[in-house]
Amino acid sequence: MTQRNDIVDRKDIEMLVDRFYETVREDPLLAPQFAHVEWARHLPTMYNFWSSMMLGEQSYRGNPFQKHVGLPLERQHFNTWIKIFMDIVDGNFRGEKAEEIKKRAQQIAGVFQHRMNLMKETS
Ligand code: HEM
């Protein structure tokens with residue numbers, strides 16, 4: 001039986017991010033949304049993003065929402081994104097940080113969707 005530990009350092013974040021996007025890239029709904037992505041740049045950006053969020057690093061600078069505004073995203077894209085994220089966290093980690101990162105991802109996904117809907121209403 002594989003023992004699952006909590007997320008403790010940047011190596012854990014990198015493993016989580018790598019596994020998450022491996023799955024995303026194979027998902028029929030999400031893969032097309034990432035077709036234009038330059039992975040050699042996107043993956044380190046995501047390591048920095050989550051390490052800043054979870055480990056108190058200050059390695060991420062940017063405006064995540066801005067990157068999503070132009071994407072044709074619907075609720076089902078977010079539902080699938082979240083489901084994959086939860087599954088990857090649960091399949092690899094267990095503990096307080098693991099719970100926290102799932103909560104954060106859900107919160108941000110909620111904010112993105114809220115802002116996208118608001119923008120549709122006002123445009
Ligand atoms: C349907 C769900 C989502 C899709 C399809 C999606 C797709 C993308 C794409 C295509 C990029 C741009 C990559 C590039 O141009 O190099 C990106 C960037 C990013 N995404 Fe998402 N995303 C989704 C949800 C989320 C959520 C929920 C979060 C946060 C919890 C998130 C965090 C980020 C961050 C931090 C970046 C990097 C922004 C930067 O370059 O500074 N995304 N995403």
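Given a 1.4 Å probe and every protein chain left where it sits, what share in percent of the accessible area of the chain is carbon and sulfur? Carbon with sulfur: 50 percent of the solvent-accessible area.
Contact order, relative form, for the chain: 37 percent (alpha carbon pairs under 8 Å, 6 or more residues apart, mean separation divided by residue count). For ASP6, the residues 5 or more places off, or on other chains, whose built amide H falls under 5 Å of its own are ARG94. Helix 96-122 and the longest principal axis of the C-alpha atoms of the chain enclose an angle of approximately 0°. Taking only pairs that are 8 or more places apart or on different chains, how many Lys pairs in the range 10-122 have Cα atoms under 22 angstrom apart? Final tally of qualifying lysine pairs is 10. Remark: spin-label model distance ALA40-ASP6 equals 3.7 nm, labels positioned 7 Å along the Cα→Cβ axis. Label separation (ILE82 vs LEU29): 1.1 nm, computed from points 7 Å beyond Cα along the C-beta direction.
In the chain, the longest principal axis of the Cα atoms and the axis of helix 10-24 are about 50 degrees apart.
The loop-placed GluC sites (Glu not before Pro) in the range 70-99, going by DSSP, that have at most 15 neighbouring Cβ atoms within 10 Å of their Cβ come out as GLU74. The mean accessible area for residues of the range 10-122, using a 1.4 Å probe and ignoring ligands and nucleic acids, is 63 Å² per residue.
Restricting attention to the range 1-79, which trypsin sites (Lys or Arg not before Pro) occupy a DSSP loop and are surrounded by at most 16 other Cβ atoms within 10 Å? Show your work: numbers first, answer last.
Details: sites: ARG4, ARG10, LYS11, ARG19, ARG25, ARG41, ARG61, LYS67, ARG75; in loops: ARG4, ARG25, ARG61.
Hits after loop and neighbour filter: ARG4, ARG25, ARG61.
Which one of HIS114, SER52, THR23 is farthest out on the positive end of the charge dipole of the chain, using unit charges on Cβ (Lys, Arg +1; Asp, Glu -1) and the Cα centre as origin? Farthest towards the positive end: HIS114.
The values are calculated or read from the model by the stated rules, or taken from the named source; none is laboratory data. Just so it is clear, the structure is predicted and the values come from calculations on it, not from any experiment. Don't worry about glycine lacking a Cβ; one is built from the backbone with ideal geometry, like all the others, and counts go over all protein chains shown. These area figures cover heavy atoms from the full protein model, side chains too; ligands, DNA and RNA do not enter into them. Shrake-Rupley method; radii C 1.70, N 1.55, O 1.52, S 1.80 Å.
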